[in-house]
Structures are given as structure tokens and as C-alpha cells.
Amino acid sequence: MHRQLLARLQTLSFLTPVHLDLPPALTEADFEAPVQLLRAVEAKRSPRDKVDCIVEMNRAVQEMIQRAKGEEAQPSADDILPVLIYVVKLAAPPQLQSQLQFIQEFRHPDKLLSEAGYVLTCLLSAVHFLQTVRADQP
């Protein structure tokens with residue numbers, strides 16, 4: 001499972017911010033904080049700490065989008081998901097699927113109803129996209 005995702009991410013080396021229609025004002029430096037936060041999930045022990053880490057990563061993504069777009073309004077899922085896809089691609093956490101599965105199995109469902117659940121769903125969607133996208137798709 002892990003090797004498959006990592007191998008898949010390597011085959012997606014062609015994928016750039018332009019392909020994902022990310023705001024042109026975003027630079028590689030903008031992605032450093034979210035990438036580090038996503039990589040830090042593996043070091044956390046409890047499902048709560050892992051969720052807190054991905055929520056913090058999502059907040060960093062939202063702030064990054066707001067700065068790039070020059071807007072104060074909260075970014076929508078249409079803004080966030082492509083950035084998360086790129087963050088996952090850049091971070092390439094070796095155990096990401098296991099970490100997400102661990103959260104789903106051991107974090108009480110009541111604790112995944114608000115922001116945490118939304119972020120987890122977005123991150124799962126980003127992983128699914130990266131697993132299924134093809135270069136010949138428009």
C-alpha cells in the first residue's frame with residue numbers, strides 16, 4: 001500500500017501547480033509549512049494528535065491561499081483541494097495511508113464531525129485523486 005502510493009507520486013513528477021490551477025502567486029516556499037506539518041503526522045502517537053496536526057496543516061493551507069489571492073474570505077473547498085493535492089505530492093509521506101486509516105479507526109466519530117472531519121475528508125480526497133489521476137485526463 002505505502003510503496004504503491006510513493007511509486008505513484010514519483011510517476012506524477014510532471015504535476016505542477018499550473019496543472020492544478022493553483023493561484024500563480026504561490027511559490028515553493030509557501031508550501032514549506034504545510035508540507036512539514038503533513039510529514040509530522042507520522043511522528044504523532046495518538047489519533048487526536050494526528051488530527052490536530054492535519055487541522056493545523058489545513059489552516060496553513062488556508063492562510064497561504066488567502067495571501068496568494070489577496071482575500072480575507074475563507075477559501076472554499078474548490079480552492080483548498082488542489083493545494084492539498086500538491087502538498088501531498090510534495091510531502092510524499094511514506095506512511096500516509098496508514099496514518100489516515102489509523103485516524104479513521106481510532107478517533108471517535110463524534111470528534112470527526114466538525115473541522116477535523118472536513119479536513120480528513122479533504123485529505124482522503126487528495127490522496128484518492130493522486131492515486132487515480134492519469135496524464136491523459138483533461
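The values are calculated or read from the model by the stated rules, or taken from the named source; none is laboratory data. Worth saying up front: this structure is predicted, and the values here are computed from it rather than measured. Heads up, the Cβs are rebuilt from the backbone with ideal geometry, glycines too, and the neighbour counts pull from every protein chain shown. Ligands, DNA and RNA are stripped out before the accessible areas are found, and what is left, the full protein with its side chains, is counted by its heavy atoms. Shrake-Rupley method; radii C 1.70, N 1.55, O 1.52, S 1.80 Å.
Please work out the Cα center distance from segment 92-122 to segment 1-59, rounded to the nearest Å. Comparing the Cα centres of segment 92-122 and segment 1-59, I get a distance of 14 Å. Could you tell me whether segment 1-61 comes out rounded, prolate or oblate from its Cα gyration tensor? Rule is a ≥ b ≥ c as square roots of the eigenvalues, rounded for a/c under 1.5, then prolate if a/b exceeds b/c, otherwise oblate. Cα axes put segment 1-61 in the oblate bin. A simple rule links phi to the HN-Hα coupling: the Karplus curve 6.51 cos²θ - 1.76 cosθ + 1.60 with θ = phi - 60°, which for segment 104-111 gives 5, 6, 10, 8, 4, x, 4, 8 Hz, with x for Gly and Pro. Grab the beta carbon distance between ALA73 and VAL18, set R0 = 30 Å, and tell me the FRET efficiency rounded to 0.05. For R0 = 30 Å, the calculated efficiency reads 0.80. Straightening the chain between LYS111 and GLN36 buys 24.6 nm, computed as 0.36 nm per residue apart minus the Cα-Cα spacing.
Express the carbon and sulfur contribution to the solvent-accessible surface of segment 66-138 as a percent, rounded to the nearest whole number, probe 1.4 angstrom. Carbon and sulfur together cover 52 percent of it.
In the list (1) 22, 19, 13; (2) 30, 14, 13; (3) 22, 18, 16, the label attached to semi-axes √(5λ) of the Cα gyration tensor in Å as derived from the coordinates here is (1). Computed over segment 40-106, relative contact order equals 42 percent, with contacts defined as Cα pairs under 8 Å that lie 6+ residues apart. The relative contact order of segment 20-74 comes to 43 percent, based on Cα pairs under 8 Å that sit 6 or more residues apart. Ordering of 54-66, 93-105 by packing is 54-66, 93-105, highest average first (other Cβ atoms within 10 Å, averaged per residue).
Rolling a 1.4 Å probe across the protein heavy atoms gives segment 1-69 an accessible surface of 59 Å² per residue.
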